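What follows draws every value from the coordinates through simple rules; no lab data is involved. No experiment lies behind these values; they were computed from the predicted model shown. Reconstructed Cβ throughout: ideal geometry from the backbone, glycine too, with neighbour counts over all protein chains shown.
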Amino acid sequence: MIESTLSPEAAVFREVIPAGDWWIHEIKKGQALRILDLEGNQAADTLFFSAADPTERYSADRTIQEQAALYLTTGTKLMSTQGNALLTITADTCGRHDTLGGACSRESNTMRYAHDTECMHACRDSFIRGAQEWNIEMNKRDLGPNINFFMNVPVTPDGQLSFADGISAPGRYVEMRAEMDVVCLISNCPQLNNPCNGWNPTPVEILIFQLNHVAPSSKETRSPNHICP
Amino acid sequence: MISHSLLHQRTLHGAGMWSAVVSRGKRLRLTDIDGGANVGMLLYNALERTERYNMPDTLKGQHIFYLRAPYCLHSDMGRLLASITHDDAGWHDTVCGHSDAARVLAKSGENNYQNARNDWNRNGRDCFLIELGKWGLGKKDLVPNLNLFSKVVSDEKGHLSFVSGNSKPGDSIELRFEIDTLVVLNTCQHPLDPDPVHRHRRVKLEVSAGDPPASDDPSLTVRPENLRAWENNQTYHTLRF
């Protein structure tokens, strides 16, 4: 558990993402992104892309390979498909985060739970809409396995895997420093069929900080690319 | 074990690469001739290539961290791409991805084509991209792959260890395809294999004819999720063909 030295008042950008919504925004190199679990046990499904070339994107397998470990926490480098660090986690009051579980989709819900769950809102639909709005060239092909901040997916030494009750709580957060200009796409998970959101999806708050020099006096305006579904 | 007629066979040498469309019901058997092989593999719906092997859905759908018989390989669309119908090694990794040129250079040193000719060191990323390129696919389509024959275990804190010697000479794995599938594979070393020597191990590849499974097939009954995914395959096939 490593706390941040940054005060929320110093943020250059703050926005609450309601449960089930998506959010997409650029984080510049030298900025820090904080994701705050407002009410506890809320999975924030998160993808990153290089702002310069979105075919370079977050890679769950490359991140696992780099640290030879499954869970993400302070010190983890979030690696790209091309072997570059996109961001580094610099503070974490939750303790660990998942990158094996991927996102829920309406299609995988039919496989995992029941055919009649197909109508239920799911992260992959949010990711598709966010990617489409950000860049006309982006679509489902751009969606690799994501990070599930605040989600607990323990793996046992004999190779079992489960979705366990969250280890997050109200007010816990994770903070990361951008190592290049990146685009962050979040689906604030609407899943109701397992305990990843404590059976009750809730909002998360986004804070962006400017590192290494005095923060601007006025807060950034809302990104023109943000269009709520 | 093979009761079905053999349609095609070849042996991959060096950092061998192979890609092919294999239709529903056919079997692909891979045999680790020398022991200690690694086969990096990706699968796509041959007709809709945005549908592809999905590591998270495969793992969470079956509550497993690794693959073995009789488990299935799931796509991102709630369907099955393939089932593991035979397996000697008993543990196949799918979370560690593949090597790239920088990683191979850092671990094994310079061994380029100019000096070593076809004994040069190759890497999983380049091999995947080369074969994907031949089917109109590319960087966007490169997702976490299977590492057949390789075993990586996690401790309680999530730290990973590569287990050497998981696959013995002659061990084989057989996949039955549940949908017409584009198979893309290579025999590059596993990215966490600590062996500093970039070894090339031979893998025999055989494709044989076969039929789709019955609904009481072990791969479908091992998890209720697999049966529901199979029902999604049936809907897809009914509507399409």
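Annotations for the structure displayed:
- Under 5 Å from the amide H of B:ASP171 lie the amide H atoms of B:ASP32, each residue being 5 or more positions distant or on a separate chain, with H modelled from the backbone and absent for Pro and chain starts.
- 222 nm mean residue ellipticity, helices alone, for chain A (DSSP H n ≥ 4; -39,500 (n - 2.57); rounded to 500): -3500 deg cm²/dmol
- Computed over chain A with a Gaussian network model linking Cα atoms closer than 10 Å, the most mobile of A:ASN152, A:ASN188, A:ASN135 is A:ASN135.
- Taking every residue in B:55-68 and counting other chain Cβ atoms within 10 Å of its Cβ, the average works out to 6.
- Near A:ILE167, the amide H atoms lying under 5 Å from its own belong to A:ASN152; only residues 5 or more places off or on other chains count, and H is placed 1.01 Å from N.
- Relative to the longest principal axis of the Cα atoms of chain B, the long axis of helix B:124-133 lies at roughly 50 degrees.
- Chain B: most fluctuating residue of B:SER23, B:SER154, B:SER164 per GNM, C-alpha cutoff 10 Å: B:SER154
- For segment A:1-94, applying the loop criterion from DSSP together with a ceiling of 16 other beta carbons within 10 Å to the GluC sites (Glu not before Pro) yields A:GLU3.
- Förster radius 45 Å - calculated FRET efficiency between B:SER23 and A:GLU205 (Cβ-Cβ, nearest 0.05): 0.35
- Computed from point charges on the beta carbon alone (+1 for Lys and Arg, -1 for Asp and Glu), the dipole magnitude for chain A about its Cα centre is near 220 Debye.
- For the residue pairs A:LYS77/B:LYS139; A:LYS77/B:LYS168; A:LYS28/A:LYS77; A:LYS77/B:LYS140; B:LYS107/B:LYS151; A:LYS29/B:LYS140, the alpha carbons lie more than 28 Å apart in A:LYS77/B:LYS168.
- Degrees separating the helix A:123-134 axis from the principal Cα axis of chain A, which is the longest one: 40 degrees
- Longest exposed-site-free window of chain B, the sites being GluC sites (Glu not before Pro) in a DSSP loop that have at most 15 other C-beta atoms within 10 Å: B:157-241
- Annotation: amide H-H contacts under 5 Å for A:GLN31 (H modelled 1.01 Å from N, sequence separation of 5 or more, or interchain): A:ALA178, A:LEU211.
- Derived value for segment A:8-210: Kirkwood hydrodynamic radius 16.7 Å. Basis is the mean of 1/r over every pair of different alpha-carbon atoms.
- Among A:SER108, A:SER162, A:SER187, the largest mean-square fluctuation in a Gaussian network model of chain A, built with springs joining Cα atoms closer than 10 Å, belongs to A:SER162.
- The C-alpha radius of gyration of segment B:6-240, expressed as a fraction of 2.2 N^0.38 Å, stands at 0.98.
- Percent of Cα-Cα distances greater than 42 Å, calculated over the protein assembly as shown: 14 percent
- Neighbours of B:HIS13, meaning other residues whose beta-carbon lies under 14 angstrom from its beta-carbon, give a summed charge of +4 when Lys and Arg score +1 and Asp and Glu score -1.
- Legend: mean number of C-beta atoms from other chains within 10 angstrom of residue C-beta atoms, peptide A:111-119, equals 5.
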